[in-house]
Amino acid sequence: YTDKTKAEIEAEFRELEQVLEQRLAPLGIVGDGFQPATRFFHYVFCEPDSEDITMMVEAAREATGEDVIVCGSCLSDLSVISKYGSSQAFGFGAGRDFSKKGGAHQPNEYIECDRLVAYTKTIAAYILRCLG
């Protein structure tokens, strides 16, 4: 996520493009500029102590015996869901740190079966809490 506007990001890309052109031109490399290849991530915020997040944290603790970390999420669809859906939306995943082997979006991405079961139990416990 970023706190920059789309215009600020585009200006930063133009500056970077000039630097790249100066360094690559002597090598005979000519670029075509930056081409958008992914969506613009909208900045969204959810109160970390909201009732729903509190219920999810409690459900995870109940289902797995572990405390989950309440934090932001990058490269997820949450920004689109929050912008065009509900401001109360939040993401919850069974994955691991992006930087660790097998982390999200790596060629060897995986999730252990016991973590998938724990994730499923957490979702079930959360739904039961929502239903009362």
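Is at least one residue of the range 26-49 small (G, A, S), touching a Lys or Arg at 6+ places or on another chain (Cβ under 9 Å) and at pLDDT below 90?
yes
So which pairs qualify, if the first residue must be in the range 105-132 and closer than 9 Å to A63 by Cβ, the second must be of a type in the set (D, E, K, R) and assigned to a loop (DSSP other than H, G, I, E, B), the Cβ gap must be under 9 Å, and the two must be at least 6 apart or on different chains?
Once the first residue is closer than 9 Å to A63 by Cβ and sits in the range 105-132, its partners that are of a type in the set (D, E, K, R) and assigned to a loop (DSSP other than H, G, I, E, B) give A118/E66.
Hey, any hits in the range 14-23 for a residue that's part of a loop (DSSP other than H, G, I, E, B) and either assigned by TED's automatic domain parsing to the domain that holds D97 or at pLDDT 90 or above (or both)?
no
Can you tell me which residue is modelled with the lowest pLDDT among those in the range 78-113 that are assigned to a helix (DSSP H, G or I) and surrounded by fewer than 12 Cβ atoms within 10 Å (Cβ to Cβ)?
Per the criteria, the residue is Y84.
In this structure, is V117 within 13 Å of the chain's Cα centre (by Cα) and either at negative phi or modelled with pLDDT of 80 or more (or both)?
When the stated conditions are applied, V117 does not pass them.
Give the residue that is farthest from F45 (Cα to Cα), with candidates limited to residues of the range 1-31 that are of a type in the set (G, A, S) and free of Cβ contacts under 8 Å to residues at least 12 places away in the same chain.
G28
The values are calculated or read from the model by the stated rules, or taken from the named source; none is laboratory data. In this text, all values refer to a predicted model and were calculated from it rather than measured experimentally. Reconstructed Cβ throughout: ideal geometry from the backbone, glycine too, with neighbour counts over all protein chains shown.
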